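Colleague: Got a structure for you, written out below as C-alpha cells; questions coming shortly.
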C-alpha cells in the first residue's frame, strides 16, 4: 500500500483537486489516488461552490490527514524541501505565500462566472464585468512575478504558486480569455507540463457530466 493517498473529485470540474494533485506531483510524492464521485451530494456541492471545500483534496500521509490546499502545500514543502515548492529566499517566499493566499481566498467572481470545465470550449464567451476585474488582477500578478523573477514560471523554477494558478490556466482556455503575450506564454508553459497533460488526459476520459457546468450561461 502506498505511504500516501490523495482524495480527489472530478478531474474535469474540480479545481481544488487539481491544485492538490499537481502540488503533490511537483513535490515528487508517491501517492495513491482515492476518488469521491462527482455525483456524491457533498462533492457536487463543492464543485458548484455551494459548500466549503472539506472533502477534496485531502492528503493522508502515514495516517495523518492534511486537508485544504494551502496546508497541503506547506506540509509537502516541509517533507520535500528539495522540490522547491516554496522559494528559499525569505522575501520571495513571502511573496509566493501572498499570491497563493490571494488565489485561495479570492477571485470569487471568476470562480462563479468561469467554472472549471476542461472538456468545455466556449468561444467568444461573455464574461461578467466583476470577473473581468479578477482576470485583470491575475494577469497583473503573473506579469509582476515574471518580470521580477525572470520566469519561466512565477518564481523562476516551478513552484507551489504555479500549481495554485494552474486551474486558472484551464479556465482561460475553456472560455477563450484573451491574454497579453507574456501571460499567454506563461499559460502555455503551465498547460504543457507533463503532469498537467496527464491530468487533462484523465479529465477528457471522464464520462460523468454536471449539467449546470455544461451550458453557456
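What follows draws every value from the coordinates through simple rules; no lab data is involved. Remember, it's a predicted structure, so these values are computed and weren't measured experimentally. A quick note on method: Cβ atoms are made from the backbone with ideal geometry, for glycine too, and the neighbour counts reach across all protein chains shown.
Colleague: Given N residues in the stretch 90-200, what is its alpha carbon radius of gyration divided by 2.2 N^0.38 Å?
Modeller: Normalised Rg, Cα atoms only: 1.02.
Colleague: Can you compute log10 of I(q)/I(0) for the chain with the Debye formula, treating each Cα as one identical point scatterer, at q = 0.11 Å⁻¹?
Modeller: -0.50
Colleague: Quick one: compute the contact order of the chain, relative version, from alpha carbon pairs under 8 angstrom and 6+ residues apart, as a percent.
Modeller: RCO, the chain: 24 percent.
Colleague: A further question on this structure: Please give the peptides 119-130, 150-161, 193-204 ranked by average Cβ packing (other Cβ atoms within 10 Å per residue), highest first, as a rough proxy for protection. Intermediate values should be presented prior to the final figure.
Modeller: Numbers: 119-130: 12.5, 150-161: 20.3, 193-204: 15.8.
Output ranking for 119-130, 150-161, 193-204: 150-161, 193-204, 119-130.
Colleague: Same structure, new question: How much of the DSSP bridge set in the chain is antiparallel, in percent, rounded to the nearest 5?
Modeller: 65
Colleague: Taking the Cβ-Cβ separation of residue 108 and residue 140 as r and a Förster radius of 25 Å, what is the calculated FRET efficiency to the nearest 0.05? Working shown, then result.
Modeller: Values: r = 17 Å, r/R0 = 0.70.
About 0.90, to the nearest 0.05.
Colleague: Per DSSP helix of 4 or more residues, -39500 (n - 2.57); summed, then divided by the residues of the chain. What does that give at 222 nm, rounded to the nearest 500?
Modeller: -16000 deg cm²/dmol
Colleague: Starting from the 7 Å offset along Cα-to-Cβ, what nm value, one decimal, do you get for the label separation of residue 88 and residue 37?
Modeller: 4.8
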